[in-house]
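Report on the structure given below.
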Amino acid sequence: MSIARGTVRLGSDVLLASGRLRGARVGIVCNPASVGAGYAHVIDRLRDAEGVRLGAIFGPQHGFRSDVQDNMIETPHRDDPRRQVPVYSLYSETREPTADMLRGLDVLVIDLQDVGARIYTYVYTMANCLRAAARHGVPVIVCDRPNPIGGLLVEGACLEAGYESFVGQFAIPMRHGMTIGELALLFNVHFGLGAPLEVVEMEGWRRAMHADETGLPWVMPSPNMPTLDTALVYPGTVLFEGTMLSEGRGTTRPFELVGAPWIDAEVLAARMNDLGLPGVHCRPAGFEPTFQKHARQYCGGCQLHVTDREAFRPVLTGASLITELRRCDPDRFAWREPPYEYEHTRLPIDILAGSTTLRMQVEDGASPTTIAASWADDEQAFAALRTPYLRY
């Protein structure tokens, strides 16, 4: 496949070049992926900017250093001795900045890399920052970044009321096709967060672009998001976190590999390929996770290879895999039990899918085509809803 590469200028580059932060005491929400084209981190660029004072650093889930692997493992607050500022964890006893954390800041800047899926928690860290900013009157600037899997397609059912959690706060589909800056506008205006918000747009980004067409480096936004290939399949295979099947955590190909000790890899791959799903080939694969589900056990399964990005439908593919794996051995297939992301009563699959519908469809033996057709109204409605907030 020939890739036409562009040169995208990030929102953080545009903001810092403008000099508009001169004289401000700035708080920054970021992690290791908050880098620009030359790999310079946003914190170092802020530190070097004329007249800018760095007042506080805030880190999302997995920590400011992105070194914590799993969910529900909180990271502590600490001090950064090199930069001589506090580093506050927003995945700790609090999910949003407190009044004390925001005290003395003139502006809160957010520079986080999203991956285009509803359940990726960085957008909810951003939403919680907007809530806190509205409450305490602190201006927020969101530095826009590309959606690495493109901004054209919308896929999946919208989250239903009553299924809100830290992996889904708003009624958006699993694949939303928006940038983090566009989501900030949607959350702030349509969903009423009401913060004093500015989004600094990118230059040169187009909605059809994938991450490797932007001219920007890929830096892992979280420990189990090693490559763009991972991000492409993630909106579908993340649903496996709601099952007792492995989603490939503990391997070098998380979310691309799925399976379990009792699965015949050849049978599963053949059944998946017989479905004729668009833009993907399922290759039989064996793997042994080093941690998480089925650690140190051989798992049979398959690896997803995306053959056509434009045609590929990750959520359809993920739902199809779940239905086929259940059919392979319905007696051994099981949904994961709570807790999951601090939800202690509802099943994780319902939290991830945004309702009970997908689980009930799988249990009733619905075909992947029927399941995908049930999303059509939500997809159409959201495509219209998001339009006023699109900036590219």
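Any read-out appearing in this document is the output of simple, stated calculations on the displayed coordinates, not a laboratory observation. Given the structure is predicted, the values throughout are model-derived calculations rather than measurements. Positions of Cβ are backbone-derived with ideal geometry, glycine not excepted, and every protein chain shown enters the neighbour counts.
Which whole-number percent gives the relative contact order of the chain, counting Cα pairs below 8 Å spaced six or more residues apart?
It comes to 16 percent, rounded to a whole number.
The stretch 101-146: which trypsin sites (Lys or Arg not before Pro) are DSSP loop and have at most 15 other beta-carbon atoms within 10 angstrom?
Working: sites: R103, R118, R131, R135; in loops: R103, R118.
In loop regions of the stretch 101-146 (DSSP not H, G, I, E or B), the sparsely surrounded trypsin sites (Lys or Arg not before Pro) are R103.
So what's the net charge close to V85: Lys and Arg +1, Asp and Glu -1, counting the other residues with Cβ under 12 Å from its Cβ?
+4
Take R103 and A383, extend 7 Å from each Cα along the Cα→Cβ direction, and tell me the distance between the two endpoints in nm.
For R103 paired with A383, the spin-label model returns 5.1 nm.
Kindly rank 210-217, 298-305, 179-186 from highest to lowest mean number of other beta carbons found within 10 Å of each residue. Show your work: numbers first, answer last.
Values: 210-217: 18.2, 298-305: 21.9, 179-186: 25.0.
Packing order, densest peptide first, comes out as 179-186, 298-305, 210-217.
Under 5 Å between amide H atoms, partner at least 5 residues away or on a different chain: which partners does L54 have, H built in plane at 1.01 Å?
Amide H neighbours of L54, under 5 Å, 5+ apart: V26.
Where the centroid of each part is defined by its Cα atoms, how far is the stretch 37-94 from the stretch 218-283 in Å?
Centre-to-centre (Cα) distance: 30 Å.
Could you give the length gained by full extension between A311 and H190, i.e. 0.36 nm per residue of separation minus their alpha carbon distance, to one decimal place? Don't skip to the end; give the middle numbers.
On the way: separation 121, 0.36 × 121 = 43.56 nm, distance 3.01 nm.
Extending this stretch completely gives an extra 40.6 nm.
Taking amide hydrogens as modeled 1.01 Å from N in the peptide plane, which residues meet the under 5 Å criterion relative to V199, leaving out close sequence neighbours?
Close amide H contacts, sequence-distant or interchain: V142.
Near G177, within a Cβ-to-Cβ distance under 15 Å, what is the net charge of the other residues, with Lys and Arg +1 and Asp and Glu -1?
Neighbour charge sum, excluding G177 itself: +2.
Would you pull out the residues with amide H under 5 Å of G259's amide H, same chain only if 5 or more places away, H placed 1.01 Å from N?
S246, G248
Which angle from 0 to 90°, rounded to the nearest 10, does the C-alpha axis of helix 314-328 make with the longest principal axis of the chain?
30
Around H344, what is the net charge, scoring Lys/Arg as +1 and Asp/Glu as -1 over all other residues with Cβ under 15 Å from its Cβ?
Summing Lys and Arg as +1 and Asp and Glu as -1 gives -3.
Count the DSSP beta bridges whose two residues both fall in the chain, then state the antiparallel fraction as a percent rounded to the nearest 5.
55
Using +1 at the Cβ of each Lys and Arg and -1 at the Cβ of each Asp and Glu in the stretch 11-217, identify which of I73, G27, N128 lies farthest towards the dipole's positive end.
Result: G27, furthest along the dipole toward the positive end.
Mind putting a number on the dipole of the chain about its Cα centre? Charges go on the C-beta only, +1 for Lys and Arg and -1 for Asp and Glu, and I need it in Debye to the nearest 20.
Dipole about the Cα centre, nearest 20: 880 debye.
Just to confirm the number: angle between the C-alpha axis of helix 228-237 and the first principal axis of the chain, 0 to 90 degrees, nearest 10?
For 228-237 against the chain, the angle is about 60 degrees.
Using a simple charge model, +1 on the beta-carbon of Lys and Arg, -1 on the beta-carbon of Asp and Glu, nothing else, what dipole does the stretch 332-392 show about its Cα centre, in debye to the nearest 20?
200
Report the residues of the stretch 157-177 in range of a label on T356: point 7 Å along Cα→C-beta, backbone N strictly under 18 Å from it.
158-165
Restricting to DSSP loop positions (anything but H, G, I, E, B) with no more than 10 other Cβ atoms inside 10 Å of their own Cβ, which chymotrypsin sites (Phe, Trp or Tyr not before Pro) remain in the stretch 40-88?
On the way: sites: F58, F64, Y88; in loops: F64.
The qualifying sites: there are none.
Mind pulling the angle between the C-alpha long axis of helix 122-136 and the longest principal axis of the chain? Nearest 10 degrees, somewhere in 0 to 90.
40
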